[in-house]
Amino acid sequence: MSSSPSAANLLALLRRNAASPAVALRLFLHLSSAASPPPPRSTSFLARLLAAQPAAGTLLPRLLRHVLSFPDPSPHLLALLYCSDVLPLRLALPAFRSLRALASVPPPPTPVYNRLILAALRESRLDLVEALYKDLLLAGAEPDVFTRNLLLQALCDAGRMELAQRVFDAMPARNDFSFGILARGYCRAGRSFDALKVLDRMPSINLVVCNTVVAGFCREGQVEEAERLVERMRSQGLTPNVVTFNARISALCKAGRVLDAYRIFKDMQEEWQQGLPRPNQVTFDVMLSGFCDAGYVDEARVLVDIMRCGGFLRRVESYNRWLAGLVRNGRIGEAQELLREMAHEGIQPNSYTYNIIVSGLCKEGKAFDVRRVEDFIRSGVMTPDVVTYTSLLHAYCSKGNTAAANRVLDEMAHKGCAPNSFTYNVLLQSLWRAGRITEAESLLERMSEKGYSLDTAICNIIIDGLCRNSRLDVAMGIVDGMWQEGSVALGRLGNSFLSVASDSSNRQRCLPDRITYSILISALCKEGRFDEAKKKLLEMIVKDISPDSVIYDTFIHGYCKHGKTSLAVKVLRDMDKKGCNPSTRTYNLLIRGFEEKHKSDEIIKLMSEMKDKGISPNVMTYNSLIKSFCERGMVNKAMPLLDEMLQNEIVPNITSFHLLIKAFCKIADFPSAQMVFDAALRTCGQKEMLFCLMCTEVSTYGRWTEAKNTLELALEMRISIQSFPYKQIIAGLCEAGEVDHAHSLLKLLIAKGYTFDPAAFMPVVDALTNKGKKQDADMLSEKMMEMADFNDGLATDSGKITPGSQRHEHAKNGQSDWRALLHRDDSARTIMKITKRVRTGWGQRGNVYEHKQQQNDDFYVLENTG
């Protein structure tokens, strides 16, 4: 059929009106008809034009309906399907179904199926990938290598590695992508040795696949295997490139082996002239993130200086990594300085930059910080987006403050910031975990009204909530039902759930996955129902869902928690038989079980086994052995482990040193405890927790002079002393007759500008009075009154708190310890005098403060009741 002149010129008209897609669509509808259909090229051009528009959801269906009115719509439907790379899947599928419904038309060619399968894979519709592949076979089309690679990718993404292996073995032809997809799937499943077998089957070794397997081994702690593969690459003439080294560094950092990663990084810096690749921007960024994630802020700061000098700190992405590290490690002040530096250097912060600040403050778990973040958002410095609001929601929900979370949702609606599925999932998860099922139902209905359909992630949230609320059997019934009914299985919870889940299009999307079974198995193990947990493990395997190391770790953790370490060892052996490589975490869980039973010999055997398998122990592994020795009074065996850790490039953490300090104090070997403390300061830095634990331990055994010396060192370092036992130290010094030392410690606290509990003054005032030093006692009494007034002023002030301030503690407890002391039965003349002064002072102000919890928040406010 020949086209009319208007139809023949249609493509040119569409191109001239490309700037106005709605006008182009009207021209197409007007100039084409059943009697005069346009060329398929016009349909394809218009489809791509409309797909790029925000209103594509309404424009494209109009185009499809018009095309279906043609006598033979098949060429136009094919033209639409060839646009599947830009069309949303929900619009491409109706065109595909319409084409398949035409009885006289042959099935689409393989490239059309490939485009649809690729679109389904991009949207994680793994069920649709399988359905389209089966339809291709039923239609008599021949899948090519690309088709089979897409199916292989879908199976690997779903964790169905056994089926993926069978598909791979049955492929008549493979390319490097086929090998790479399967190897990457095994590495993501924690089965890098299986990935190595895939690499061994390649006709010629491939750099990309090698890099994938190297990274997989590093993630699993199999550093020796990774090094062997790198050497194999070199021996076969394949030079490891910067991507190889970046993969190793990244994987080692993620596995917590930051020092190993830095060793490689340093070699790249120093030996690039001997054939090693030079570090690039990615190398520096990855190493920076590794230091920050591990808490090595000082080392990260040095690296940042090197990046500045080398020109590697010129991107907002690099600044964001350093900013995230500072915020994550509580260096909020430095983070604010970094924002100012970015402005000075002309680096424009993006929304992610500000969201780092917001998210970091929210995750500190301090309610007043969350309110401060809200003030920051409303100040106009940044424009909050859905990520910003979701961070606020997460902060409130993590504290169970759903009223404030709902207020944030209302503000989002008012600002025109539409919540996404993750936003709703955060709130939904908090409601389920809090057991507020009725509100969770209402939220699900609200999500349904907004067009959000149920998926496996939401079903998993509900299943997890049921398990946490002692409804494990109900959760198991729902999972069983999901295999037949999809999300409709949620109808077992009540009619409101049935109405939300009744959409038939969701049934196939809500199939149980590895996370579903992980939730159930974890809940069963916690309740000691191990036989049922093993049945769920077998069910996973039957359903082609490969259990990963996390599932096996769950069994090991459960058995150890219930004291069944022998069964936990059997699980470890079973992992080896099934080809699921145990990780450092696996051994740590088992070692922790033997630690609880004080079986140091078994721990040593397991650590030896780890080394034989090339699995490197980490600081948690050594801490378990140190704790086991210390609790058995074998400190002489625990102490050498510090040197062994350093020799293995494992940095001891605060817990390592705390265990030893506590053990030495327990046997009254205080010089050794001091030696360990000094080593801790050199290794971990001047951390508040170190000073605090040292003060606490020596104070426990009445070593007040040592405690005073440590506290004074902390004061010189300007460390916050809120958690320090400073009141006990001052009182202990007075009881031991060291009044002058206690007095000097008080004066140092005052001189350094610390704000602390006035109760600390009382023992010194008593002791000075008893020694006849009335002038000193009176001066301290006046200072105590000033401190009391200042603390009460802080309780209503929103300003910055000086180090050592008891503001938060006072607001929580309702009264300070020093006021309680005023009501003790004490006939000392000085105490009566101070009491009279204090009462007079309060009478002059005429105010009494009490605390009241807000109805909608978790915050406490001080209310002046006159």
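Nothing in this text is a laboratory measurement; each read-out follows from the coordinates by a stated rule. Treat the numbers as computed from the prediction; the structure is a model and nothing was measured. When we count neighbours, we look across all protein chains shown, and the Cβ atoms used for this are built from the backbone with ideal geometry, even at glycine.
With the cut-off at 1.5 for a/c, could you classify segment 659-701 from its C-alpha gyration tensor as rounded, prolate or oblate? The shape class here is oblate. Using the Cβ-Cβ distance between Leu138 and Asp169 with R0 set to 25 Å, the FRET efficiency from 1/(1 + (r/R0)^6) comes to roughly 0.65. Convex hull volume of the Cα atoms of segment 165-319, normalised per residue: 118 Å³. Under the criterion of Cα pairs below 8 Å and six or more residues apart, the relative contact order for segment 632-776 equals 15 percent.
Per residue, the convex hull spanned by the alpha carbons of segment 529-589 comes to 71 Å³.
The GluC sites (Glu not before Pro) of segment 187-273 that meet both conditions, a loop assignment by DSSP and at most 15 other Cβ atoms within 10 Å of the site Cβ, are Glu271. For segment 74-169, the Kirkwood radius over C-alpha pairs fed into Stokes-Einstein at 37 °C and 0.692 mPa s yields D = 242 µm² per second. Packing around the peptides 586-593, 693-700, taken as the average count of other Cβ atoms within 10 Å per residue, puts them in this order, highest first: 586-593, 693-700. For segment 533-671, treating each Cα as an identical point scatterer without solvent, what Debye log10 I(q)/I(0) comes out at q = 0.09, 0.15, 0.22 1/Å? Scattering profile of segment 533-671, log10 relative to I(0): -0.31, -0.75, -1.31. If you sort the three axes of the alpha carbon gyration tensor as a ≥ b ≥ c, you get a/c of 1.5 or more for segment 635-693 and a/b no higher than b/c, which makes it oblate.
Quote the FRET efficiency, to the nearest 0.05, computed for Arg228 versus Tyr701 with a Förster distance R0 of 51 Å and r equal to the Cβ-Cβ distance. My answer for the efficiency is 0.50.
Rg and Dmax of segment 443-486, based on Cα coordinates, read 11.4, 31 Å. The alpha-carbon of Lys708 sits under 25 angstrom from the alpha-carbons of these lysines, leaving out residues fewer than 8 places away in its chain: Lys662, Lys666, Lys687, Lys727, Lys747, Lys752, Lys771, Lys773, Lys774, Lys783. Which entries in Lys254/Lys599; Lys197/Lys535; Lys450/Lys534; Lys197/Lys627; Lys197/Lys534 show an alpha-carbon gap greater than 32 Å? Flagged as over cut-off: Lys450/Lys534; Lys197/Lys627. Taking each pair of distinct Cα atoms in segment 118-231 once, what is the resulting Kirkwood hydrodynamic radius in Å? When all Cα pairs of segment 118-231 are included, the Kirkwood radius is 14.6 Å. Given their separation in residues at 0.36 nm each and the Cα-Cα distance between them, Ile306 and Val145 gain 53.3 nm when the chain is fully extended.
Residue separation of Val105 and Gln647 scaled by 0.36 nm, minus their Cα-Cα distance, works out to 187.9 nm of gained length. Counting every pair of alpha carbons in segment 19-89, the share spaced more than 17 Å apart comes to 33 percent. Taking each residue as 0.36 nm, the span from Asn636 to Lys578 lengthens on full extension beyond its C-alpha to C-alpha distance by 16.9 nm. Using the Cβ-Cβ distance between Arg26 and Val282 with R0 = 56 Å, the FRET efficiency computed as 1/(1 + (r/R0)^6) comes to roughly 0.70. When the square roots of the Cα gyration tensor eigenvalues are ordered a ≥ b ≥ c, the ratio a/c for segment 276-351 is 1.5 or more and a/b does not exceed b/c, which makes its shape oblate.
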